[in-house]
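Asker: Quick one: the structure is below, questions incoming.
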2 protein chains.
Amino acid sequence: MSDPLSIDPTAQDILFREARTANTFTDEPVSDEQMRAIYDLVKWAPTAMNTQPLRVVLVRSPEARERLVAHMAEGNKAKTATAPLVAVLAADGDFHEHLPTVFPHRPGARDDLHGAPEARARMAAFNGAIQVGYFIIGVRAAGLAAGPMAGFDAEGVAKEFFPEGGHQVLAVVNIGKPGPDAWFPRNPRLEYDQVVTTV
Amino acid sequence: MSDPLSIDPTAQDILFREARTANTFTDEPVSDEQMRAIYDLVKWAPTAMNTQPLRVVLVRSPEARERLVAHMAEGNKAKTATAPLVAVLAADGDFHEHLPTVFPHRPGARDDLHGAPEARARMAAFNGAIQVGYFIIGVRAAGLAAGPMAGFDAEGVAKEFFPEGGHQVLAVVNIGKPGPDAWFPRNPRLEYDQVVTTV
């Protein structure tokens, strides 16, 4: 039977089938060049009204790493302290300031949203989360393992790394080459018929 | 310079660089076999606590299509009526019922979440949105174009297609081969330095 998928099996494996959430990493550094290549790939994936609310802080310095670890849940502190690179992913509620450039065919969009901070926060959270999905796929596309974590004090991390305000921290992601015993046994996925219905 | 990415350039193009949000489609049908292959690929991508809250309704029958179109924003009605296949993507707030199977190493998780419907709704919305990102990438991996839309009456669509309640409709996605004049001119993306900072 021919494969109904258009990307080759190696890419399928790298992105989905063999990629795993890593809990340990080697010492091999992750370069800015790699992070630029990841961004320049995933930036093309779509968001509603091209809002692109995702913002990324790459935590490189030991001092910044310490500030981040302080806000992580106990079970996430050690791996956040030792991963080659840690990215803080947040949604920028002031994404509308870019709309005149990134969504020029609705000229009033920025001003319409200016007075609607709650609608902006909802749009930022939703589209930012979609972009978290793209980002994780992008990290894998660079042959790296991602270790996304949800266990942290989101307000504390926001104050620490987005002191200007208006950002919701969505995820903290460890990035690097997987180390020894990097994975837990893989948890089962829901079956097609548990997820998809046809009407 | 060697490519910092590990997936081949063709896959990069299919998934990100050349893929576009389609506004018109050919008549070529999208098969259940294609949708199964897409699901069986993207199901492996990670969610927090393996929650997998995304649920998909494939709208195939003319009667169901009519019910969906009634809830779409004016500008989305025509393409929703004519796309080869339309998928309604929703987050299931009752994802916790599956946790004993999909997240067996925290046996109390289902019961802990049972009494916390607001926390569940937040987790479902966030992880469901990440899975919307994976789903769009998966449609593209099958050589198809996705046309994700946010303009619809989410409560109306939820009542229509998830009458049992507890679901948040996140997106409606047209799926098919791109037709004539399928794309608007591509909107600009934010630059790396507008999105990523290093500390």
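Asker: Cross-link candidates for A:K159: which lysines have Cα within less than 19 Å, leaving aside residues fewer than 8 places away along the same chain?
Answerer: Partners within reach: A:K77.
Asker: Which stretch or stretches of segment B:15-59 have amide N atoms under 16 Å from the point lying 7 Å from B:W183's Cα along the Cα→Cβ direction?
Answerer: From segment B:15-59, the list is B:15-26.
Asker: Only Cα pairs within less than 10 Å get springs; with that Gaussian network setup on chain A, which residue of A:R65, A:R189, A:R55 has the largest fluctuation?
Answerer: Result for chain A, Cα springs under 10 Å: A:R189 fluctuates most.
Asker: Between chains A and B, what is the buried accessible area summed over both chains (1.4 Å probe, protein heavy atoms, nearest 100 Å²)?
Answerer: Summing both sides, the interface buries roughly 6900 Å².
Asker: Over the whole of A:12-18, what's the average partner chain Cβ count within 10 Å per residue? Rounded to a whole number, please.
Answerer: If you average over the peptide's residues, the count of other-chain Cβ atoms is 6.
Asker: Same structure again: Over the Cα atoms of chain B, Rg to Rh with Kirkwood Rh, two decimal places?
Answerer: Taking Rh as the inverse mean 1/r over Cα pairs, Rg/Rh reads 1.00.
Asker: Next question, about the same structure. Just want to confirm a number: the relative contact order over chain B, from Cα pairs under 8 angstrom separated by 6+ residues, in percent.
Answerer: 34 percent
Asker: What number, in percent, do you get for the relative contact order of segment A:1-99 if the mean sequence gap of Cα pairs under 8 Å and at least 6 apart is divided by its residue count?
Answerer: Dividing the mean separation by the residue count of segment A:1-99 yields 36 percent.
Asker: Please average, across the residues of B:45-58, the number of beta carbons from any other chain that are within 10 Å of each residue's own beta carbon, and give a whole number.
Answerer: 5
Asker: Calculate the length of the line joining the C-alpha centroid of segment B:162-199 to that of segment A:62-105, in whole Å.
Answerer: So the separation of the two Cα centres works out to 21 Å.
Asker: Between B:E97 and B:S31, what is 0.36 nm times their sequence separation minus the Cα-Cα distance? Round to one decimal in nm.
Answerer: That works out to 20.8 nm of additional length.
Asker: At R0 = 25 Å, how high is the FRET efficiency between B:D111 and A:A121 if r is their beta carbon distance? Nearest 0.05 is fine.
Answerer: The calculated FRET efficiency here is 0.20.
Asker: Quick one: Cα convex hull volume of segment B:31-137, Å³ per residue?
Answerer: 124 Å³
Asker: Here is a further query. Cα to Cα, under 20 Å, and not fewer than 8 places away if on the same chain: which aspartates and glutamates meet these conditions relative to B:K79?
Answerer: B:D27, B:E28, B:E63, B:E66, B:D153, B:E160, B:D181
Asker: Using a label point 7 Å beyond Cα on the Cα-Cβ vector, give me the inter-copy distances for A:P185 in nanometres, one decimal, shortest first.
Answerer: Copy-to-copy label distances for A:P185: 5.7 nm.
Asker: Let me ask something else about it. Residue farthest toward the positive end of the dipole of segment B:31-164, with Cβ of Lys/Arg at +1 and Asp/Glu at -1: which of B:N50, B:A37, B:F161?
Answerer: B:A37
Asker: While we're on this one: Mind checking A:158-170 for the average number of partner chain beta-carbons within 10 Å of each residue's beta-carbon?
Answerer: 1
Asker: Go ahead and set up a Gaussian network model of chain A, Cα springs under 10 Å, then flag whichever of A:A83, A:A119, A:A146 fluctuates most.
Answerer: Fluctuation is largest for A:A119.
Asker: Just to confirm the numbers: B:T197, label point 7 angstrom along the Cα-Cβ line, distances to the other copies in nm, shortest first?
Answerer: 4.6
Asker: Compute a Gaussian network model of chain B, connecting alpha carbons closer than 10 Å, and tell me which residue from B:G133, B:G93, B:G115 fluctuates the most.
Answerer: With Cα springs under 10 Å in chain B, the top fluctuation among B:G133, B:G93, B:G115 is at B:G115.
Asker: Right, here's the next one. Taking only the Cα atoms of the protein assembly as shown, how large is their convex hull per residue, in Å³?
Answerer: Residue-normalised Cα hull volume stands at 145 Å³.
Asker: Based on Cβ point charges of +1 for Lys and Arg and -1 for Asp and Glu, what charge dipole magnitude is obtained for segment B:102-142 about its Cα centre, in debye rounded to the nearest 20?
Answerer: Rounded to the nearest 20 debye, it is 140 debye.
Asker: In the protein assembly as shown, what percentage of the DSSP-assigned beta bridges are antiparallel, given to the nearest 5?
Answerer: For the protein assembly as shown, the DSSP antiparallel bridge percentage is about 90.
The values are calculated or read from the model by the stated rules, or taken from the named source; none is laboratory data. Note that the structure is a prediction, hence the values are computed from the model and not measured. FYI the Cβ positions are ideal-geometry reconstructions off the backbone, even for glycines, and counts take in every protein chain you see. Keep in mind that these areas ignore ligands, DNA and RNA; they rest on the heavy atoms of the full protein, side chains included. Shrake-Rupley method; radii C 1.70, N 1.55, O 1.52, S 1.80 Å.
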